[in-house]
Amino acid sequence: MLDKLNEIEKAALDSLQSVNDQAALEAWRVANTGRSSPLMLVFAELGKLSKEERPVIGQAANRVKVALEAALTERAEAVKNAALAKSLEEEHLDVTLPGRTRHIGRLHPSTQQLRRVLSILAEMGFQVYTSREVETDEINFQLLNFPPHHPAREMQDSFYVEAGDRGDNPILMRTHTSPGQIRAMREFAAMNPENPPAIRIALPGMCFRYEQITARSEIQFNQVEGLAVGENITFADLKGTLIEFAHRMFGQRARTRFRASYFPFTEPSAEMDVECFVCGGKGCQVCKNSGWLEILGCGMVHPVVLQNGGYDPKRYSGFAWGMGPERQLMLRYKIEDIRYFWGNDVRFLEQF
């Protein structure tokens, strides 16, 4: 048995000298130290030996196993070094090639524009106020002077979440950020019901409308609502605030104009246009040859809305507006399809 172990060790070490790659090393390991190798068969036969022979043969077998494993480790290191030397000698690395740039994440264009709008309003003294996206019909419509069956409701088809047995006050996804006006006024009025404090807030958020998805309309979009309530606030304050906003957003030379309009929750109401910054007011495809671009709707807060918010309309007045960040981006960058904002096309998003 000792002679057999010596033969196994000699044959294994001799064959190891011709091994020159990783695949051959693995094959050698399996053939010489694996479960079915001649050396392992010797270990399997130890139980058949006498008590005197068993420790002698066992020690000799362990010595052979340790010697083969050490030789394998040494040969593996030599093969690795030889492969590295060959690679360095034969392969060439062109250090003049440009490196691969890493793709860095960025904010969504709508988020960028939303932050820019809120930053400007913050500089003008407006505090950000957030409101819920799921509203009751009462807050979303009725308290904003949209009574049930009012024809103006046709302007805003709604996603109803829970109709149930709630009668005329079902749950829906808010169709505009204006419900935040009621919640903000009631929250501020609750601080001092006899003498409510003045309000100057911006209400950003996502809105949802059950509409046909086209290049110009989506079922979801961002809005920024503005609200100022206090004593002796006039339409002149509204115009001055929005003109200053337009100058900070579009440049000091930006020209603006106001056109009469209608919204149930403001009276009087208006829409604000800014001179087309694509053609400079000369007329182009973006402004439909009018020279002007509509950017928001606005007006003086309706007395009914003030009263529903906890403010006495005989003492207080206020103004409000609503603008869409996506619409401003579409106008500024000549984006022709609003669906690009929510299509998750990286080719579009990486341009901002």
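Of the residues ARG116, ARG106, ARG102, the single one that is more than 25 Å from GLN328 (Cβ to Cβ) and of a type in the set (D, E, K, R) is ARG102.
Looking only at residues in segment 177-232 that are of a type in the set (Val, Ile, Thr) and in a loop (DSSP other than H, G, I, E, B), which one is nearest to the chain's Cα centre (by Cα)? Break it down stepwise before answering.
Our first condition is that a residue be of a type in the set (Val, Ile, Thr); within segment 177-232, this holds for 177, 182, 199, 201, 213-214, 219, 224, 229.
If we keep only those that are in a loop (DSSP other than H, G, I, E, B) too, we end up with 177, 213-214, 219.
Values: THR177: 21, ILE213: 22, THR214: 23, ILE219: 18 Å.
Step by step, filter segment 177-232, then rank; the result is ILE219.
When you scan segment 127-137, do you find a residue that is in a helix (DSSP H, G or I) and more than 18 Å from the chain's Cα centre (by Cα), even just one? Within segment 127-137 (the criterion being in a helix (DSSP H, G or I) and more than 18 Å from the chain's Cα centre (by Cα)), the answer is yes, since at least one residue qualifies. Considering THR136, THR234, the condition of being touching a residue at least 60 places away in the same chain (Cβ under 8 Å) and either of a type outside the set (A, V, I, L, M) or in contact with an Asp or Glu (Cβ under 7 Å, 6 or more places away or on another chain) (or both) is satisfied by THR234 alone. Of these, LEU97, LEU84, LEU107, LEU88, which one is exposed (fewer than 12 other Cβ atoms within 10 Å of the Cβ) and in a loop (DSSP other than H, G, I, E, B)? None of the others qualify; the one that does is LEU97. Considering only residues that are free of Cβ contacts under 8 Å to residues at least 12 places away in the same chain and outside any helix (DSSP H, G or I), look in segment 18-34 and name the one that is surrounded by the fewest Cβ atoms within 10 Å (Cβ to Cβ). Result: SER18.
Evaluating LEU172 against the criteria (1) among the hydrophobic types (A, V, I, L, M, F, W, C); (2) in a loop (DSSP other than H, G, I, E, B); (3) free of Cβ contacts under 8 Å to residues at least 60 places away in the same chain; (4) in contact with an Asp or Glu (Cβ under 8 Å, 6 or more places away or on another chain) leaves one unmet condition, (2). Annotation note: of VAL117, VAL64, VAL79, the sole residue that is touching an Asp or Glu at 6+ places or on another chain (Cβ under 9 Å), in a helix (DSSP H, G or I) and touching a residue at least 60 places away in the same chain (Cβ under 8 Å) is VAL79. When restricted to residues that are small (Gly, Ala, Ser) and either at positive phi or buried (at least 21 other Cβ atoms within 10 Å of the Cβ) (or both), segment 114-129 contains 1.
Just one of ILE233, ILE201, ILE120 is touching a helix residue (DSSP H, G or I) at 6+ places or on another chain (Cβ under 9 Å), within 20 Å of GLN307 (Cα to Cα) and of a type outside the set (S, T, N, Q); which is it?
On the way: ILE233 fails: touching a helix residue (DSSP H, G or I) at 6+ places or on another chain (Cβ under 9 Å); ILE120 fails: within 20 Å of GLN307 (Cα to Cα).
Checking each option against the conditions leaves just ILE201.
Go through segment 61-80 and report how many residues are modelled with pLDDT of 80 or more and farther than 11 Å from ALA12 by Cα. Residues that pass the stated criteria total 12.
The values are calculated or read from the model by the stated rules, or taken from the named source; none is laboratory data. Fair warning: this is a prediction, and the values are worked out from it, not measured in the lab. Reconstructed Cβ throughout: ideal geometry from the backbone, glycine too, with neighbour counts over all protein chains shown.
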